[in-house]
Amino acid sequence: MGKSIKIKDLNDRIYLIDDIDQFASHINEYHAHGESIHEENGFFFQIDDFFREKIKKLSTK
């Protein structure tokens with residue numbers, strides 16, 4: 001299991017990602033290009049190149 005991290009969503013709420021590697025894998029598979037919104041457990045994230053790069057740096061893979 002990957003490490004857990006905390007990030008802020010679009011509503012400035014703190015969300016705990018239990019497994020950053022699994023989260024990064026999902027982002028890479030379903031939000032690989034362009035801009036989109038990712039919803040997870042009622043938290044919303046703007047997915048763009050900046051967000052993908054941030055998640056990539058936090059991931060252990």
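Tabulated data
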{"quantity": "Residue-count net charge about ILE17 - beta-carbon cut-off 10 Å; Lys, Arg +1, Asp, Glu -1", "calculated": "-2"}
{"quantity": "Mean Cα-pair separation over length for region 5-58, i.e. relative contact order, pairs under 8 Å, 6 or more apart, %", "calculated": "33 percent"}
{"quantity": "Modelled FRET efficiency - R0 22 Å, ASN41 with LYS3, Cβ distances, 0.05 increments", "calculated": "0.75"}
{"quantity": "Estimated vicinal HN-Hα couplings, Hz - region 48-61 in sequence order (Karplus 6.51, -1.76, 1.60; Gly, Pro = x)", "calculated": "8, 4, 4, 5, 4, 5, 4, 5, 4, 5, 7, 5, 8, 9"}
{"quantity": "Taking only Cα atoms of the chain, radius of gyration then Dmax in Å", "calculated": "10.6, 28"}
{"quantity": "Built amide H within the under 5 Å cut-off of PHE44, gap 5+", "calculated": "LEU10, ASN11"}
{"quantity": "Cβ-based net charge around LYS57, under 14 Å, with every Lys or Arg adding one and every Asp or Glu removing one", "calculated": "+2"}
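Read-outs throughout are calculated quantities, based only on the coordinates presented, and are distinct from any laboratory measurement. Keep in mind that what you see is a predicted model, and the values were worked out from it rather than measured. All Cβ positions, even for glycine, are placed from backbone atoms using ideal geometry, and neighbour counts span all protein chains on display.
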